[in-house]
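Peer 1: One structure, pasted below without further comment.
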Amino acid sequence: MRLPRPSGPAVPAVLTAVVLIAVTVVLGALNPVRRAPVSTDTLGPDSGEVVADYLARADRSLDGADGRDAHWALVSFTRPVTTEAVRDAASGTRVSQVLFRVSLDRVQTPLVPVSVAAGDAALARASVLAAGRAQAMTGETERQAQIAAATSAELARNCACVIGVVVRGDHDALVALRSAPDVRAVEALGADAVAGRFAVRPLLPEQTLTVAPGPDDGVVPGSGS
């Protein structure tokens, strides 16, 4: 018994489908979909972390850094310092970001990060840039606006308000920085870390036991409340 042959239009349709599939596979191989970079690197302590544990972790990260390559690192200070103090302490590294935070008694003030170009002149201007940025942090309440105004005013006076900096340097430079005056910790990322693809959470000078927010019931200077 002879089986019926497929109708005329069916064969070209099958061949067309096979060709389309083959073309799709080839185009996919030649033009693969680019996956978004995954950023998991973080500098700084975790919320709720014991401060002593973080300091030990920072030391281990620096001791394990490859001496032949440059590394991104977070420098935490024992107390707020000026940009001039940063310049002197970090002279062997490239300062990339300055982390400002005005200290007000029992008042939660914002962190003001400022990226800086290479050179002492750019570092010296960072406080002025931070003042302008803080002025725009008005928040949603009157108290937040008052805190922003007080923060901006202090930064404009070039206060000792730097609590940390992000730097790039080789192992020897970072080890030397760890021994500089007022430096509390230096935490280094791996040499393969990419600028702009890691998060930064600074260790505040007043955090001595655990990493947790302080009180926010104090009077904001100049506000009366």
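The values are calculated or read from the model by the stated rules, or taken from the named source; none is laboratory data. Treat the numbers as computed from the prediction; the structure is a model and nothing was measured. Cβ placement follows ideal geometry from the backbone for every residue including glycine, while neighbour counts extend to all protein chains displayed. Protein only, heavy atoms only, side chains kept; ligands, DNA and RNA dropped before computing areas. Shrake-Rupley method; radii C 1.70, N 1.55, O 1.52, S 1.80 Å.
Peer 1: Which of the residues that make up the range 175-192 are within 18 Å of the chain's Cα centre (by Cα), more than 14 Å from PRO80 (Cα to Cα) and surrounded by 17 or more Cβ atoms within 10 Å (Cβ to Cβ)?
Peer 2: Once the filter is applied, which keeps residues that are within 18 Å of the chain's Cα centre (by Cα), more than 14 Å from PRO80 (Cα to Cα) and surrounded by 17 or more Cβ atoms within 10 Å (Cβ to Cβ), the range 175-192 yields VAL186, GLU187, ALA188, LEU189.
Peer 1: Moving on. Quick one: count up the residues across the range 130-162 that are of a type in the set (Val, Ile, Thr) and either free of Cβ contacts under 8 Å to residues at least 12 places away in the same chain or open to solvent by 70 Å² or more (accessible area, probe 1.4 Å) (or both). Before you say what the answer is, go through the steps one by one.
Peer 2: First, pick out the residues of the range 130-162 that are of a type in the set (Val, Ile, Thr): 138, 141, 147, 151, 162.
Filter once more, so that each one left must be either free of Cβ contacts under 8 Å to residues at least 12 places away in the same chain or open to solvent by 70 Å² or more (accessible area, probe 1.4 Å) (or both): 138, 141.
Number satisfying all stated conditions: 2.
Peer 1: Return yes when GLY44 is surrounded by 15 or more Cβ atoms within 10 Å (Cβ to Cβ), touching a residue at least 60 places away in the same chain (Cβ under 8 Å) and on the phi > 0 side of the Ramachandran plot and no when it is not. Break it down into steps so the answer makes sense when it comes.
Peer 2: Working: surrounded by 15 or more Cβ atoms within 10 Å (Cβ to Cβ): yes; touching a residue at least 60 places away in the same chain (Cβ under 8 Å): yes; on the phi > 0 side of the Ramachandran plot: yes.
For GLY44, the condition - surrounded by 15 or more Cβ atoms within 10 Å (Cβ to Cβ), touching a residue at least 60 places away in the same chain (Cβ under 8 Å) and on the phi > 0 side of the Ramachandran plot - is met.
Peer 1: Examine the range 137-145 for a residue that is touching a Ser or Thr at 6+ places or on another chain (Cβ under 6 Å) and polar (S, T, N, Q), and state whether such a residue exists. Can you show your working first?
Peer 2: Keep residues of the range 137-145 that are touching a Ser or Thr at 6+ places or on another chain (Cβ under 6 Å), which gives 145.
Okay, now just the ones that are also polar (S, T, N, Q), so none.
Checked the range 137-145: no residue is touching a Ser or Thr at 6+ places or on another chain (Cβ under 6 Å) and polar (S, T, N, Q).
Peer 1: Within the range 89-129, restricting attention to residues that are surrounded by 16 or more Cβ atoms within 10 Å (Cβ to Cβ) and of a type in the set (S, T, N, Q), which residue is farthest from the chain's Cα centre (by Cα)?
Peer 2: So, considering only residues that are surrounded by 16 or more Cβ atoms within 10 Å (Cβ to Cβ) and of a type in the set (S, T, N, Q), the one farthest from the chain's Cα centre (by Cα) is SER103.
Peer 1: Looking for whichever is over 26 Å from ARG57 (Cβ atoms) and out of contact with any Ser or Thr (no Cβ under 7 Å at 6 or more places or on another chain) here; the options are SER152, SER127. Which one fits?
Peer 2: Details: SER127 fails: out of contact with any Ser or Thr (no Cβ under 7 Å at 6 or more places or on another chain).
Testing whether each residue is over 26 Å from ARG57 (Cβ atoms) and out of contact with any Ser or Thr (no Cβ under 7 Å at 6 or more places or on another chain) leaves just SER152.
Peer 1: Here's a follow-up. Any residue that is in a helix (DSSP H, G or I) and not charged (D, E, K, R) - is there at least one of those in the range 88-100? Even if it seems obvious, please write down each step before you answer.
Peer 2: Quick first cut of the range 88-100, residues in a helix (DSSP H, G or I) only: 88-89.
If we keep only those that are not charged (D, E, K, R) as well, we get 89.
The answer is yes; a qualifying residue exists.
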